[in-house]
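Student: The structure under discussion is supplied below as C-alpha coordinates; questions concerning it will follow.
The values are calculated or read from the model by the stated rules, or taken from the named source; none is laboratory data. Because the structure is predicted, anything quoted here is derived from the model rather than measured. Glycine gets a Cβ as well: all are built from the backbone with ideal geometry, and neighbour counts include every protein chain shown.
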Amino acid sequence: MAIQLFVPHFRINECLEEIRECLEKGWTGLGFKTIEMENKWKEYTGLPHAHFLSSNTVGLHLALHMFKTEFGWVDGDEVISTPLTFVSTNHAIVYTNLLPVFADIDESLCLSPENIEQKITSRTRAVIFVGIGGNTGRYPEVVKLCKDRGLMLILDAAHMAGTRLNGKHVGHDADCTVFSFQAVKNLATADSGMICFPDQARDERVRKLTWLGINKDTYSRTYTQSSYKWMYDVDEIGFKYHGNSIMAAIGLVSLRYLDRDNAYRRQLVKWYQNCLANNELIRIVPIANECESSCHLFQIRVSNRDEILMALNEYEISPGVHYRDNTEYRLYNQAAGTCPKAHLASKEILSLPMHMSITERDVQTIADALKEVIKSKAG
(Lines give C-alpha, C1' and ligand atoms only; values in the text may rest on other atoms or scores of the structure.)
Protein backbone atom coordinates (compact mmCIF):
# COMPACT_ATOMS: atom_id res chain seq x y z
CA MET A 1 0.00 0.00 0.00
CA ALA A 2 1.29 3.44 -0.92
CA ILE A 3 2.52 5.74 1.85
CA GLN A 4 0.51 8.93 1.52
CA LEU A 5 1.63 12.44 2.45
CA PHE A 6 -1.46 13.14 4.59
CA VAL A 7 -4.10 10.82 5.99
CA PRO A 8 -6.62 12.44 8.38
CA HIS A 9 -7.02 10.66 11.69
CA PHE A 10 -10.46 10.88 13.30
CA ARG A 11 -11.65 9.20 16.49
CA ILE A 12 -14.82 8.18 14.72
CA ASN A 13 -17.00 6.99 17.61
CA GLU A 14 -16.22 10.07 19.69
CA CYS A 15 -16.92 12.34 16.73
CA LEU A 16 -20.23 10.62 16.07
CA GLU A 17 -21.27 11.09 19.71
CA GLU A 18 -20.51 14.81 19.53
CA ILE A 19 -22.38 15.13 16.23
CA ARG A 20 -25.29 13.08 17.60
CA GLU A 21 -25.80 15.70 20.30
CA CYS A 22 -26.14 18.38 17.60
CA LEU A 23 -28.69 16.33 15.70
CA GLU A 24 -30.67 15.40 18.78
CA LYS A 25 -30.87 19.03 19.86
CA GLY A 26 -31.71 20.08 16.33
CA TRP A 27 -28.93 22.65 16.26
CA THR A 28 -26.25 22.13 13.62
CA GLY A 29 -25.31 25.72 12.78
CA LEU A 30 -23.70 28.50 14.79
CA GLY A 31 -24.54 27.75 18.40
CA PHE A 32 -23.79 25.71 21.48
CA LYS A 33 -21.01 23.56 19.97
CA THR A 34 -19.24 26.49 18.32
CA ILE A 35 -19.33 28.31 21.66
CA GLU A 36 -17.93 25.25 23.42
CA MET A 37 -15.18 24.98 20.79
CA GLU A 38 -14.27 28.64 21.28
CA ASN A 39 -14.10 28.25 25.04
CA LYS A 40 -11.99 25.09 24.84
CA TRP A 41 -9.63 26.77 22.37
CA LYS A 42 -9.17 29.76 24.68
CA GLU A 43 -8.52 27.39 27.57
CA TYR A 44 -6.01 25.39 25.51
CA THR A 45 -4.08 28.32 24.04
CA GLY A 46 -4.44 30.92 26.78
CA LEU A 47 -5.63 33.43 24.17
CA PRO A 48 -8.29 35.80 25.54
CA HIS A 49 -10.68 35.70 22.56
CA ALA A 50 -11.52 33.19 19.85
CA HIS A 51 -14.24 33.02 17.20
CA PHE A 52 -14.98 29.83 15.24
CA LEU A 53 -15.02 30.26 11.46
CA SER A 54 -15.73 28.28 8.32
CA SER A 55 -12.04 28.39 7.27
CA ASN A 56 -8.66 30.00 7.82
CA THR A 57 -9.00 31.83 4.50
CA VAL A 58 -12.08 33.77 5.58
CA GLY A 59 -10.29 34.67 8.80
CA LEU A 60 -7.40 36.28 6.94
CA HIS A 61 -9.87 38.22 4.82
CA LEU A 62 -11.78 39.35 7.90
CA ALA A 63 -8.62 40.54 9.65
CA LEU A 64 -7.55 42.68 6.71
CA HIS A 65 -11.07 43.95 6.09
CA MET A 66 -11.42 44.98 9.72
CA PHE A 67 -8.04 46.72 9.91
CA LYS A 68 -8.62 48.48 6.59
CA THR A 69 -11.95 49.94 7.64
CA GLU A 70 -10.83 50.66 11.20
CA PHE A 71 -7.70 52.59 10.23
CA GLY A 72 -8.89 54.07 6.95
CA TRP A 73 -6.49 52.22 4.70
CA VAL A 74 -7.16 52.88 1.02
CA ASP A 75 -7.14 50.62 -2.01
CA GLY A 76 -3.60 49.91 -3.09
CA ASP A 77 -2.06 50.15 0.37
CA GLU A 78 0.52 47.44 0.91
CA VAL A 79 0.67 44.27 2.98
CA ILE A 80 3.98 42.43 3.20
CA SER A 81 3.65 38.68 2.83
CA THR A 82 5.58 35.61 1.76
CA PRO A 83 5.54 34.00 -1.68
CA LEU A 84 6.11 30.60 -0.06
CA THR A 85 2.62 29.84 1.16
CA PHE A 86 -0.73 28.47 0.04
CA VAL A 87 -2.34 31.05 -2.23
CA SER A 88 -5.16 31.80 0.22
CA THR A 89 -2.75 33.89 2.31
CA ASN A 90 -2.17 36.29 -0.54
CA HIS A 91 -5.65 36.03 -2.03
CA ALA A 92 -6.96 37.50 1.24
CA ILE A 93 -4.90 40.63 0.56
CA VAL A 94 -6.31 40.94 -2.94
CA TYR A 95 -9.87 40.37 -1.67
CA THR A 96 -9.56 43.63 0.26
CA ASN A 97 -8.11 45.60 -2.68
CA LEU A 98 -4.75 45.83 -0.96
CA LEU A 99 -1.44 45.10 -2.66
CA PRO A 100 0.65 42.08 -1.65
CA VAL A 101 4.34 42.94 -1.45
CA PHE A 102 6.51 39.86 -1.21
CA ALA A 103 9.44 39.62 1.19
CA ASP A 104 12.00 36.85 1.06
CA ILE A 105 12.53 33.96 3.46
CA ASP A 106 15.39 32.61 5.57
CA GLU A 107 16.52 29.01 6.13
CA SER A 108 13.43 28.27 8.23
CA LEU A 109 11.29 29.04 5.13
CA CYS A 110 9.63 31.81 7.16
CA LEU A 111 9.87 35.53 6.43
CA SER A 112 13.25 37.17 6.90
CA PRO A 113 13.02 40.22 9.23
CA GLU A 114 15.79 41.95 7.27
CA ASN A 115 13.95 41.54 3.98
CA ILE A 116 10.66 42.67 5.50
CA GLU A 117 12.38 45.88 6.57
CA GLN A 118 13.76 46.39 3.07
CA LYS A 119 10.27 46.09 1.58
CA ILE A 120 8.59 48.64 3.88
CA THR A 121 7.40 51.81 2.14
CA SER A 122 5.22 54.77 3.10
CA ARG A 123 2.18 52.71 2.02
CA THR A 124 2.98 49.57 4.05
CA ARG A 125 0.21 48.88 6.55
CA ALA A 126 0.63 45.30 7.73
CA VAL A 127 2.70 42.11 7.68
CA ILE A 128 1.34 38.58 7.37
CA PHE A 129 3.72 36.06 8.96
CA VAL A 130 3.15 32.44 7.92
CA GLY A 131 4.35 29.77 10.35
CA ILE A 132 5.01 27.21 7.63
CA GLY A 133 4.93 23.63 8.87
CA GLY A 134 4.38 24.90 12.43
CA ASN A 135 7.78 26.60 12.51
CA THR A 136 8.20 30.03 14.13
CA GLY A 137 11.41 30.99 12.37
CA ARG A 138 12.49 34.42 13.63
CA TYR A 139 8.98 35.46 14.56
CA PRO A 140 9.95 37.43 17.72
CA GLU A 141 12.11 39.71 15.57
CA VAL A 142 9.16 40.27 13.23
CA VAL A 143 6.94 41.15 16.20
CA LYS A 144 9.46 43.77 17.34
CA LEU A 145 9.88 45.15 13.84
CA CYS A 146 6.14 45.60 13.39
CA LYS A 147 5.80 47.32 16.75
CA ASP A 148 8.74 49.62 16.04
CA ARG A 149 7.39 50.53 12.60
CA GLY A 150 3.73 50.82 13.56
CA LEU A 151 2.58 47.95 11.34
CA MET A 152 -0.28 45.57 12.08
CA LEU A 153 0.86 41.95 12.41
CA ILE A 154 -1.34 39.08 11.29
CA LEU A 155 -0.12 35.59 12.16
CA ASP A 156 -1.26 33.03 9.60
CA ALA A 157 -1.14 30.08 11.98
CA ALA A 158 -2.78 27.58 9.61
CA HIS A 159 -0.07 25.02 10.47
CA MET A 160 0.44 26.09 14.09
CA ALA A 161 -2.28 24.44 16.17
CA GLY A 162 -0.27 23.41 19.22
CA THR A 163 2.92 25.31 18.36
CA ARG A 164 4.52 26.91 21.41
CA LEU A 165 7.27 29.47 21.53
CA ASN A 166 9.28 29.74 24.76
CA GLY A 167 6.58 27.61 26.41
CA LYS A 168 3.66 29.82 25.35
CA HIS A 169 1.17 28.99 22.63
CA VAL A 170 1.61 31.20 19.58
CA GLY A 171 -0.78 34.07 18.95
CA HIS A 172 -0.61 36.20 22.08
CA ASP A 173 1.64 38.89 20.58
CA ALA A 174 0.03 39.35 17.14
CA ASP A 175 -2.71 41.85 16.33
CA CYS A 176 -4.67 38.94 14.91
CA THR A 177 -3.99 35.20 14.69
CA VAL A 178 -5.86 32.85 12.36
CA PHE A 179 -5.79 29.06 12.68
CA SER A 180 -6.90 26.34 10.27
CA PHE A 181 -8.78 23.18 11.21
CA GLN A 182 -9.06 21.91 7.63
CA ALA A 183 -9.25 18.18 6.93
CA VAL A 184 -5.52 17.36 6.92
CA LYS A 185 -4.38 19.82 9.59
CA ASN A 186 -3.18 18.64 13.00
CA LEU A 187 -6.51 19.65 14.51
CA ALA A 188 -8.74 18.31 11.78
CA THR A 189 -12.41 18.82 10.96
CA ALA A 190 -13.71 18.88 7.39
CA ASP A 191 -12.99 22.60 7.10
CA SER A 192 -13.06 25.32 9.72
CA GLY A 193 -10.80 27.77 11.52
CA MET A 194 -10.44 30.20 14.40
CA ILE A 195 -9.75 33.93 14.48
CA CYS A 196 -8.22 35.36 17.63
CA PHE A 197 -7.88 39.03 18.54
CA PRO A 198 -6.22 40.14 21.78
CA ASP A 199 -8.87 42.82 22.41
CA GLN A 200 -12.56 42.46 23.15
CA ALA A 201 -13.83 45.21 20.84
CA ARG A 202 -12.44 43.53 17.73
CA ASP A 203 -13.71 40.15 18.88
CA GLU A 204 -17.19 41.63 19.24
CA ARG A 205 -16.99 43.23 15.82
CA VAL A 206 -15.78 40.09 14.06
CA ARG A 207 -18.72 38.14 15.47
CA LYS A 208 -21.09 40.55 13.74
CA LEU A 209 -19.11 40.55 10.52
CA THR A 210 -19.17 36.75 10.26
CA TRP A 211 -22.97 36.85 10.44
CA LEU A 212 -23.64 39.44 7.71
CA GLY A 213 -23.16 42.41 10.05
CA ILE A 214 -26.20 41.43 12.14
CA ASN A 215 -25.77 42.49 15.75
CA LYS A 216 -27.37 39.40 17.28
CA ASP A 217 -26.85 35.88 15.95
CA THR A 218 -29.62 33.32 15.47
CA TYR A 219 -28.60 31.27 18.49
CA SER A 220 -28.70 34.31 20.77
CA ARG A 221 -32.07 35.38 19.37
CA THR A 222 -33.49 31.88 19.80
CA TYR A 223 -32.57 31.64 23.48
CA THR A 224 -33.35 35.21 24.49
CA GLN A 225 -36.24 35.92 26.85
CA SER A 226 -37.52 38.72 24.64
CA SER A 227 -40.66 38.29 22.55
CA TYR A 228 -39.02 40.36 19.82
CA LYS A 229 -36.57 37.77 18.56
CA TRP A 230 -36.85 39.14 15.05
CA MET A 231 -35.72 42.58 16.21
CA TYR A 232 -32.06 42.95 15.37
CA ASP A 233 -29.98 45.60 13.67
CA VAL A 234 -27.37 45.51 10.91
CA ASP A 235 -24.41 47.67 11.82
CA GLU A 236 -22.34 47.24 8.65
CA ILE A 237 -21.94 45.02 5.60
CA GLY A 238 -20.74 41.63 6.73
CA PHE A 239 -20.16 38.13 5.40
CA LYS A 240 -21.40 34.61 6.04
CA TYR A 241 -18.16 33.27 7.45
CA HIS A 242 -19.14 31.73 10.78
CA GLY A 243 -18.45 28.09 11.62
CA ASN A 244 -21.08 25.47 12.39
CA SER A 245 -21.72 23.02 15.19
CA ILE A 246 -20.99 19.88 13.14
CA MET A 247 -17.46 21.08 12.41
CA ALA A 248 -17.07 22.23 16.02
CA ALA A 249 -18.19 18.80 17.25
CA ILE A 250 -15.41 17.12 15.25
CA GLY A 251 -12.95 19.80 16.31
CA LEU A 252 -13.66 19.27 19.99
CA VAL A 253 -12.60 15.64 19.67
CA SER A 254 -9.46 16.55 17.71
CA LEU A 255 -8.56 19.13 20.36
CA ARG A 256 -8.68 16.54 23.13
CA TYR A 257 -5.86 14.65 21.43
CA LEU A 258 -3.92 17.55 19.91
CA ASP A 259 -0.98 17.56 22.33
CA ARG A 260 -0.71 13.77 22.19
CA ASP A 261 -0.81 13.77 18.39
CA ASN A 262 1.69 16.62 18.11
CA ALA A 263 4.06 14.79 20.44
CA TYR A 264 3.94 11.83 18.10
CA ARG A 265 4.59 14.09 15.12
CA ARG A 266 7.67 15.44 16.88
CA GLN A 267 8.79 11.84 17.36
CA LEU A 268 8.36 11.26 13.63
CA VAL A 269 10.59 14.26 12.99
CA LYS A 270 13.29 12.82 15.28
CA TRP A 271 13.15 9.51 13.43
CA TYR A 272 13.45 11.28 10.09
CA GLN A 273 16.34 13.39 11.37
CA ASN A 274 18.20 10.34 12.63
CA CYS A 275 17.68 8.46 9.38
CA LEU A 276 18.73 11.35 7.15
CA ALA A 277 21.58 12.76 9.24
CA ASN A 278 25.03 13.22 7.73
CA ASN A 279 23.82 13.06 4.15
CA GLU A 280 25.31 16.03 2.30
CA LEU A 281 22.73 15.74 -0.49
CA ILE A 282 19.79 16.23 1.89
CA ARG A 283 19.26 19.45 3.81
CA ILE A 284 16.69 19.32 6.61
CA VAL A 285 14.74 22.55 7.08
CA PRO A 286 15.69 23.74 10.60
CA ILE A 287 13.22 24.47 13.39
CA ALA A 288 13.99 27.34 15.78
CA ASN A 289 15.53 26.07 19.02
CA GLU A 290 12.99 27.81 21.24
CA CYS A 291 10.06 26.53 19.14
CA GLU A 292 8.00 23.51 20.15
CA SER A 293 6.59 23.04 16.67
CA SER A 294 3.31 21.37 15.83
CA CYS A 295 5.36 19.62 13.12
CA HIS A 296 2.56 19.79 10.59
CA LEU A 297 5.25 19.30 7.93
CA PHE A 298 8.66 17.68 7.76
CA GLN A 299 10.53 19.41 4.95
CA ILE A 300 13.85 18.74 3.32
CA ARG A 301 15.67 20.41 0.44
CA VAL A 302 17.18 18.42 -2.42
CA SER A 303 18.52 19.11 -5.88
CA ASN A 304 16.56 17.67 -8.80
CA ARG A 305 13.50 17.77 -6.57
CA ASP A 306 10.96 17.00 -9.30
CA GLU A 307 12.90 13.96 -10.50
CA ILE A 308 13.26 12.70 -6.95
CA LEU A 309 9.57 13.20 -6.23
CA MET A 310 8.58 11.20 -9.30
CA ALA A 311 11.09 8.48 -8.47
CA LEU A 312 9.69 8.15 -4.95
CA ASN A 313 6.27 7.59 -6.49
CA GLU A 314 7.73 4.47 -8.08
CA TYR A 315 8.40 3.23 -4.53
CA GLU A 316 4.71 3.97 -3.72
CA ILE A 317 5.73 6.91 -1.56
CA SER A 318 3.79 10.15 -2.07
CA PRO A 319 5.65 13.22 -0.81
CA GLY A 320 4.44 16.78 -1.43
CA VAL A 321 5.62 20.31 -2.14
CA HIS A 322 4.83 23.19 0.23
CA TYR A 323 4.78 25.49 -1.68
CA ARG A 324 5.23 26.74 -5.19
CA ASP A 325 6.60 30.28 -5.28
CA ASN A 326 3.40 32.33 -5.59
CA THR A 327 5.10 34.78 -7.96
CA GLU A 328 5.13 31.98 -10.54
CA TYR A 329 1.33 32.18 -10.68
CA ARG A 330 -0.11 34.51 -13.31
CA LEU A 331 -1.98 36.52 -10.69
CA TYR A 332 1.22 37.43 -8.84
CA ASN A 333 3.88 37.24 -11.53
CA GLN A 334 4.41 41.00 -11.51
CA ALA A 335 6.59 40.27 -8.46
CA ALA A 336 8.62 37.52 -10.14
CA GLY A 337 12.29 37.70 -9.24
CA THR A 338 11.82 39.78 -6.09
CA CYS A 339 12.41 36.89 -3.65
CA PRO A 340 15.27 34.73 -4.95
CA LYS A 341 15.64 32.65 -1.77
CA ALA A 342 11.96 31.71 -1.76
CA HIS A 343 12.13 30.96 -5.47
CA LEU A 344 15.10 28.62 -5.02
CA ALA A 345 13.47 26.95 -2.02
CA SER A 346 10.30 26.31 -4.02
CA LYS A 347 12.40 24.31 -6.49
CA GLU A 348 14.08 22.24 -3.77
CA ILE A 349 11.63 21.65 -0.93
CA LEU A 350 10.03 18.27 -0.42
CA SER A 351 7.52 17.43 2.31
CA LEU A 352 7.77 13.84 3.51
CA PRO A 353 4.73 11.86 4.75
CA MET A 354 3.59 13.06 8.17
CA HIS A 355 0.47 11.64 9.77
CA MET A 356 -0.61 9.52 12.69
CA SER A 357 -0.50 6.25 10.76
CA ILE A 358 3.18 6.61 9.86
CA THR A 359 5.35 4.22 11.89
CA GLU A 360 9.06 4.16 12.67
CA ARG A 361 9.39 1.40 10.08
CA ASP A 362 7.64 3.61 7.52
CA VAL A 363 10.08 6.42 8.26
CA GLN A 364 13.00 4.03 7.72
CA THR A 365 11.43 2.81 4.46
CA ILE A 366 10.93 6.36 3.22
CA ALA A 367 14.42 7.43 4.24
CA ASP A 368 16.05 4.39 2.60
CA ALA A 369 14.12 4.96 -0.63
CA LEU A 370 14.97 8.66 -0.60
CA LYS A 371 18.68 8.02 -0.13
CA GLU A 372 18.66 5.37 -2.84
CA VAL A 373 16.90 7.68 -5.29
CA ILE A 374 19.21 10.59 -4.53
CA LYS A 375 22.27 8.37 -4.89
CA SER A 376 21.08 7.09 -8.26
CA LYS A 377 20.32 10.59 -9.51
CA ALA A 378 23.66 11.89 -8.29
CA GLY A 379 25.45 9.04 -10.01
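Student: Tell me which of these H296 doesn't satisfy, since it passes every other one: (1) at pLDDT below 95; (2) in contact with a Gly (Cβ under 8 Å, 6 or more places away or on another chain); (3) not aromatic (F, W, Y).
Tutor: Here H296 clears every test but (1).
Student: What are the residues in the range 30-71 that are outside any helix (DSSP H, G or I), over 28 Å from P100 (Cβ atoms) and out of contact with any helix residue (DSSP H, G or I) (no Cβ under 6 Å at 6 or more places or on another chain), if any?
Tutor: G46, P48
Student: Quickly run through the range 102-117 and pick out the residues that are surrounded by 19 or more Cβ atoms within 10 Å (Cβ to Cβ) and not in a strand (DSSP E or B).
Tutor: Once the filter is applied, which keeps residues that are surrounded by 19 or more Cβ atoms within 10 Å (Cβ to Cβ) and not in a strand (DSSP E or B), the range 102-117 yields A103, D104, S108, L109, C110, S112, P113, N115, I116.
Student: In addition: Listed residues Y315, Y332; which is touching a Pro at 6+ places or on another chain (Cβ under 8 Å), surrounded by 15 or more Cβ atoms within 10 Å (Cβ to Cβ), at pLDDT 95 or above and among the aromatic types (F, W, Y)?
Tutor: Every option except Y332 fails the conditions.
Student: Then there's this: Residues that are outside the structural domain of S108 (by TED's automatic domain parsing), surrounded by fewer than 21 Cβ atoms within 10 Å (Cβ to Cβ), more than 23 Å from the chain's Cα centre (by Cα) and more than 19 Å from T136 (Cβ to Cβ): does the range 340-356 have at least one?
Tutor: So far as the range 340-356 goes, yes, one or more of its residues are outside the structural domain of S108 (by TED's automatic domain parsing), surrounded by fewer than 21 Cβ atoms within 10 Å (Cβ to Cβ), more than 23 Å from the chain's Cα centre (by Cα) and more than 19 Å from T136 (Cβ to Cβ).
Student: (1) in contact (Cβ under 8 Å) with a residue 60 or more places away in the chain; (2) more than 16 Å from the chain's Cα centre (by Cα); (3) in the same structural domain as A174 (by TED's automatic domain parsing): which one isn't true of V7, the others all being true?
Tutor: V7 satisfies every listed condition except (3).
Student: Counting just the residues of the range 47-101 that are among the small types (G, A, S) and buried (at least 22 other Cβ atoms within 10 Å of the Cβ), which one comes out nearest to E328 (Cα to Cα)?
Tutor: S81
Student: Moving on. For E307, state whether it is buried (at least 18 other Cβ atoms within 10 Å of the Cβ), charged (D, E, K, R) and either closer than 18 Å to A369 by Cα or modelled with pLDDT of 95 or more (or both).
Tutor: Against the criterion (buried (at least 18 other Cβ atoms within 10 Å of the Cβ), charged (D, E, K, R) and either closer than 18 Å to A369 by Cα or modelled with pLDDT of 95 or more (or both)), E307 does not qualify.
Student: Okay, moving on. Go through the range 276-304 and give me each residue that's under 19 Å from the mean Cα position of the chain (by Cα) and on the phi < 0 side of the Ramachandran plot.
Tutor: V285, P286, I287, A288, C291, E292, S293, S294, H296, L297, F298, Q299
Student: Looking only at the range 357-370, decide whether some residue is at pLDDT 95 or above and over 29 Å from L187 (Cα atoms).
Tutor: Among the residues of the range 357-370, at least one is at pLDDT 95 or above and over 29 Å from L187 (Cα atoms), which makes the answer yes.
Student: List pairs: first residue in the range 261-273 and modelled with pLDDT of 95 or more, second residue surrounded by fewer than 21 Cβ atoms within 10 Å (Cβ to Cβ) and not in a helix (DSSP H, G or I) anywhere in the structure, Cβ distance under 7 angstrom, at least six positions apart or on different chains.
Tutor: D261/M356; Y264/M356; Q273/I284
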